[in-house]
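J.: Pasting a structure below so you can have a look.
The values are calculated or read from the model by the stated rules, or taken from the named source; none is laboratory data. Bear in mind the structure is a predicted one, so any value in this text is a computation, not a measurement. Note that each Cβ is placed from the backbone with ideal geometry, even for glycine, and that neighbours are counted across all protein chains shown.
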Amino acid sequence: MIPLALVFLLMLLLKWPGILPFANSDQSTSLALGFILVFAYLLGNNLKRLRLPQITGFIIAGIVCGPFILNFVSESNVNDLQLLDGLALSLIALTAGGEMKIKKLKRQLRTIISIVVFQTSIVLFGFLILGLIGQYFIPFFRGMSLLHLFAFSLLLGTLMTPTSPATTIAVMTETKSAGKFTDLILGGAVVKDFFVIIIFSFTLSFSKSITIPSHNFDFGFLLHILGEVGGSILIGILIGTGIILYIKFIKKDIIIFILSIAFFSYQISHNYGYHPLLICLVAGFFTENFSSQGKLLISAIERSSVPVYVVFFAISGASLDLSALRQTWLLALGCVFLRGLLKFSGTFIGSRLTGEGKEIQRLAWAGFISQAGVALGMAIVIQDNFPDWGSEFMALVLAVIAINQIIGPIFLQRLLIKVKEAGKK
Amino acid sequence: MQALYAFGLIILVAFLGARFITKGTSLSPVNYFSYSGFIYIILGFALGRSGLGVLGPSLLTGLTPLISLGLGWVGFLFGFQLEAKYLKRFPRKYINLSFLQFLFVFLFGGVAFFLMLKPIYTSEPGFLLYGMAVALGLLISLNSPTLLSMASNFIPERGSYFYLSRFLVSVSGFWGIIGLALLSSFWHFPFFESKIILKGGGFLFLSTIFPILIGFLFHFLTKKRVSEEQMLVYLIGLVFFVSGAAFYFNLPPLYLSMVLGITFSNLTKTHEKLYPLLLSTEKPLYIIFLILIGALWKVDFDYRASIFIALLVVLRVLAYMLPLPFFKVVLDFPLRLPTRFGLCFLSSGGIGVAFAVSMKLVYPLPLTDVFLTIALFGILVTEFISPWGVKFSVFRLDSEEQK
């Protein structure tokens, strides 16, 4: 606790108004990054002693020191740090892909697909009902036409479906988990990401066709999304092949090679509209399952994984829009509760139908709470496509993500401890 | 988004460079050039705003944190080797020689540069030329141990001259970086009009006490058993924090991180744990740093700059050679100090580059672009000829001593 307080006091001193005239605020990004790295890590360690996940500490550090509270990490700092954020996400996705082994997945594939299908449909349906009933007692929904309400709820349901693979893998790495639950949850989170991107293309096109008179259901858009997903998989396979060949024939300076690969894949995805997360997930998965080089890949990444996680989750925390939470916190809390309930139902039914044991039926839902990047990206697309209510939608989604991002890792960590999979790796 | 592309390219080029450039089997200028990593400045230059333009000014702004980390890293590594226990092994006369050498080189170079700058850059204000002369004087006073560490693989017989030169090149940077701190504190940008001593003193105090505090914190965090990953997070985070604070107050990151390195090195007992970590992290960081510097370099080259590049090389050679017999007498130095021994001090290596970039970043003026051009070209030329210098001085003197 003393080092944490000392780092905090030092930063407070550097940001003291009396000292600011001598400071160059345009050059504060490195200071912000150094501070948040140490502060978030120390906070994470302190929370670990309280049996909470470290990454919750990283996220809370980002929130507290971010633009909405202390502003030690300003909005412009957060924008400048997107570069490192991109690198971190790619590395985390490579690890997540590399942790998924076909042998283990095969055993649980039926359950994973069943859970993903039931979770998605039940969450979608549940939020549709919320919107339709909510118009009578939730002020937020009042004044919307029925069609708009339908579209709003449908899209909200879509965005409530995904689970963050990055958070999932970070908690699993931290707790050193291995076992049935671990594989099921990681597999479920990854498969759901693919699934949700495709569902989103449907729901977005459908919502536009019913709310914008001149707009018909856009099959072109659907094909475009499918093309993006297919392209991401293909690029991921190509990158995975590159990694295999590199590790097999060159083997030196693996970390430099992986860093360059991570950034290239991230950049390719942004230039051509592919999904960086999917690309790296597939690349990691391909390397792990179609070569003997997977272990080397994962160990090379894991050697520097801690700073990567700290940077990624602290920046995620600093990026969380607390003003949105302030505006819609009550409804957001309701959505978080409903989402949890629907996830429980989906997981329960999905796992029961495939004959899984009672433990999985009752507990596995807790692993699917975290939520981040994919939902955020979709919310931005929705905001652009529906200017009438897109910003309100965005505010609500941001608020829900903020809450889920804090509680999600805690739920997952508790689950892994409860089912005795933590520390088994 | 372009920043990501550029960063990916940087790492890939760095990797390809590391893979395909031969490390060399002899102490030739070409081999040393690739061994020291200076080739990456040229690669960075080719990618930068004066070259292909892949790394444009806006991208470089986004990549500033990495330059900051690179500068901090160089300073920290330098400071970390200045452990009192290690330095005490050497006779006091060695330390006196290093200080005297620094003083002479700095004054000789600084005065000569100022005398030449004034008639050539007539349109520039006098106080800026003073600053530039001081900076160029400090620059030539810096030395790098990289060349001698490469030379140690080829040296026929390691004798007194090898150990003396290695000590001097390792320590000389200390004085130069302190000079940089004094310059940056009292010559703060924007320039103070009043109470310069008070304000300058305040900045110097801040830039010294802050890294000392962080050094204690680093020691406090690592004195109990820590894993390698914890050490890595603290190391990267605290170097970032210190160099970031330096940027924030327009102070030289090299000085602050050197003080951090010295403080930590003299407190900790984890040297054995930290060295492998530093070595494994150093290479990729240093390569990226050099490429970014190359990209940052806006070549402001005209006949005036070429005069100063030549002057820098000539002054460097003369300033290290001429006073040696005098130092021998003044210090009653136990070894013979012939003038040619001075030829082993031609390389300023990464620390020289970091110094030049530090100046450019602390003083973002058009004249510092000229300074950077002179400094980088000058460094590249002296780096290129420095292996010959070592052969003519240390190699021969040591073999003569053996005979």
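J.: Going through region B:243-259 one residue at a time, which ones are within 7 Å of chain A (Cβ to nearest Cβ) and touching a residue at least 60 places away in the same chain (Cβ under 8 Å)?
T.: Hits for region B:243-259 are B:S243, B:G244, B:F247, B:N250.
J.: Which of the residues spanning region B:289-321 are over 22 Å from B:L100 (Cα atoms) and touching a Gly at 6+ places or on another chain (Cβ under 7 Å)?
T.: Passing the criteria: B:F289, B:L290, B:I291, B:L292, B:I293, B:G294, B:A295, B:L296, B:W297, B:I309.
J.: Evaluate region A:339-354: report whether one residue or more is among the aliphatic types (A, V, I, L, M), at pLDDT below 80 and crowded, with 19+ Cβ neighbours inside 10 Å.
T.: Taking every residue of region A:339-354 in turn, none turns out to be among the aliphatic types (A, V, I, L, M), at pLDDT below 80 and crowded, with 19+ Cβ neighbours inside 10 Å.
J.: Give region A:370-404 a look and list any residue that's of a type in the set (F, W, Y) and under 16 Å from A:I315 (Cα atoms), or say none.
T.: Hits for region A:370-404: nothing passes.
J.: For residues that are farther than 16 Å from A:G284 by Cβ and modelled with pLDDT under 85, tally how many sit in region A:175-195.
T.: Matching residues across region A:175-195 total 1.
J.: I would also like to ask the following. Report whether or not B:P190 is surrounded by fewer than 22 Cβ atoms within 10 Å (Cβ to Cβ), modelled with pLDDT under 85 and outside any helix (DSSP H, G or I).
T.: On the way: surrounded by fewer than 22 Cβ atoms within 10 Å (Cβ to Cβ): yes; modelled with pLDDT under 85: yes; outside any helix (DSSP H, G or I): yes.
So B:P190 passes the test.
J.: For B:I120, which of the numbered conditions (1) surrounded by 18 or more Cβ atoms within 10 Å (Cβ to Cβ); (2) closer than 22 Å to B:L372 by Cβ fails to hold?
T.: (1)
J.: Determine which single condition B:F264 fails, assuming it passes every other condition in (1) free of Cβ contacts under 8 Å to residues at least 24 places away in the same chain; (2) crowded, with 20+ Cβ neighbours inside 10 Å.
T.: Tallying (1) free of Cβ contacts under 8 Å to residues at least 24 places away in the same chain; (2) crowded, with 20+ Cβ neighbours inside 10 Å, B:F264 fails exactly one: (1).
J.: Among B:V330, B:V353, which is touching a residue at least 40 places away in the same chain (Cβ under 8 Å) and closer than 30 Å to B:G53 by Cβ? Let's see the steps before the verdict.
T.: Values: B:V330 fails: closer than 30 Å to B:G53 by Cβ.
Unique residue meeting the criteria: B:V353.
One line per residue, one yes/no per condition, for (1) surrounded by fewer than 18 Cβ atoms within 10 Å (Cβ to Cβ); (2) within 14 Å of chain B (Cβ to nearest Cβ); (3) touching a Leu at 6+ places or on another chain (Cβ under 7 Å):
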| site | (1), (2), (3) |
| --- | --- |
| A:V7 | no, yes, yes |
| A:P17 | yes, no, no |
| A:T29 | no, yes, yes |
| A:F35 | no, yes, no |
| A:K48 | yes, yes, no |
| A:Q54 | no, yes, yes |
| A:L70 | yes, no, no |
| A:L81 | no, yes, yes |
| A:S90 | no, yes, no |
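J.: Please determine, by comparing only the residues of region B:193-210 that are within 23 Å of A:V38 (Cβ to Cβ) and within 11 Å of chain A (Cβ to nearest Cβ), which one is surrounded by the most Cβ atoms within 10 Å (Cβ to Cβ).
T.: That would be B:F210.
J.: Follow-up. Would you confirm, using the coordinates I've provided, whether A:H270 is surrounded by fewer than 19 Cβ atoms within 10 Å (Cβ to Cβ), at pLDDT below 85, under 23 Å from the mean Cα position of the chain (by Cα) and over 30 Å from A:L43 (Cβ atoms)?
T.: Against the criterion (surrounded by fewer than 19 Cβ atoms within 10 Å (Cβ to Cβ), at pLDDT below 85, under 23 Å from the mean Cα position of the chain (by Cα) and over 30 Å from A:L43 (Cβ atoms)), A:H270 qualifies.
J.: Please state which of the following conditions B:K93 fails to meet, knowing it meets all the rest: (1) more than 30 Å from B:L277 (Cα to Cα); (2) within 14 Å of chain A (Cβ to nearest Cβ); (3) of a type outside the set (D, E).
T.: (2)
J.: Only one residue in A:N45, A:N24 is within 30 Å of A:Q413 (Cα to Cα) and outside the structural domain of A:V171 (by TED's automatic domain parsing). Which one?
T.: A:N45
J.: Would you point out the residue of region A:196-214, among those that are among the small types (G, A, S) and closer than 18 Å to A:I380 by Cβ, that is modelled with the highest pLDDT?
T.: The qualifying residue modelled with the highest pLDDT is A:S207.
J.: Among the residues of region B:211-233, which ones are assigned to a helix (DSSP H, G or I), of a type outside the set (A, V, I, L, M) and more than 7 Å from chain A (Cβ to nearest Cβ)?
T.: First pass over region B:211-233, keeping only residues assigned to a helix (DSSP H, G or I): B:211-222, B:228-233.
Add one more test, that the residue is of a type outside the set (A, V, I, L, M), and what stays is B:211, B:215-216, B:218-220, B:222, B:228-230.
If the condition is that a residue be assigned to a helix (DSSP H, G or I), of a type outside the set (A, V, I, L, M) and more than 7 Å from chain A (Cβ to nearest Cβ), then B:P211, B:G215, B:F216, B:F218, B:H219, B:T222, B:E228, B:Q230 are the ones that fit.
J.: Could you list, in sequence order, the residues of region B:60-77 that are out of contact with any Lys or Arg (no Cβ under 9 Å at 6 or more places or on another chain) and at pLDDT below 75? If you could, list the steps in order and put the result at the bottom.
T.: Just the residues of region B:60-77 that are out of contact with any Lys or Arg (no Cβ under 9 Å at 6 or more places or on another chain), to begin with: B:61-77.
Of everything in region B:60-77, those that are out of contact with any Lys or Arg (no Cβ under 9 Å at 6 or more places or on another chain) and at pLDDT below 75 turn out to be B:T61, B:G62, B:L63.
J.: Tally time: how many residues in region B:286-311 are more than 14 Å from chain A (Cβ to nearest Cβ) and of a type in the set (F, W, Y)?
T.: Counting residues in region B:286-311 that are more than 14 Å from chain A (Cβ to nearest Cβ) and of a type in the set (F, W, Y) gives 4.
J.: Ok, one more. If you take the residues in region B:352-379 that are of a type in the set (F, W, Y) and part of a helix (DSSP H, G or I), which one is surrounded by the most Cβ atoms within 10 Å (Cβ to Cβ)?
T.: B:F355
J.: So, in region B:61-71, of the ones that are more than 8 Å from chain A (Cβ to nearest Cβ) and buried (at least 24 other Cβ atoms within 10 Å of the Cβ), which residue ends up nearest to the chain's Cα centre (by Cα)?
T.: Only one residue fits best here, namely B:L71.
J.: Follow-up question, since we're still on this one. Name every residue in region B:25-50 that is without any contact (Cβ under 8 Å) to a residue 60 or more places away in the chain and either part of a loop (DSSP other than H, G, I, E, B) or crowded, with 21+ Cβ neighbours inside 10 Å (or both), in order of residue number.
T.: Matches in region B:25-50: B:T25 only.
J.: Across region A:373-397, what is the total count of residues that are without any contact (Cβ under 8 Å) to a residue 60 or more places away in the chain and either out of contact with any Phe, Trp or Tyr (no Cβ under 8 Å at 6 or more places or on another chain) or crowded, with 22+ Cβ neighbours inside 10 Å (or both)? Lay out the reasoning, then the answer.
T.: Initial filter on region A:373-397 (without any contact (Cβ under 8 Å) to a residue 60 or more places away in the chain): A:376-377, A:380, A:383-384, A:387, A:390-391.
Still in the running and either out of contact with any Phe, Trp or Tyr (no Cβ under 8 Å at 6 or more places or on another chain) or crowded, with 22+ Cβ neighbours inside 10 Å (or both): A:376-377, A:380, A:384, A:387, A:390-391.
Result for region A:373-397: 7.
J.: With respect to A:S114, is the statement that it is among the polar types (S, T, N, Q), assigned to a helix (DSSP H, G or I), closer than 30 Å to A:F195 by Cβ and away from every other protein chain (no Cβ under 14 Å) true?
T.: Numbers: among the polar types (S, T, N, Q): yes; assigned to a helix (DSSP H, G or I): yes; closer than 30 Å to A:F195 by Cβ: yes; away from every other protein chain (no Cβ under 14 Å): yes.
So A:S114 fits the description; yes.
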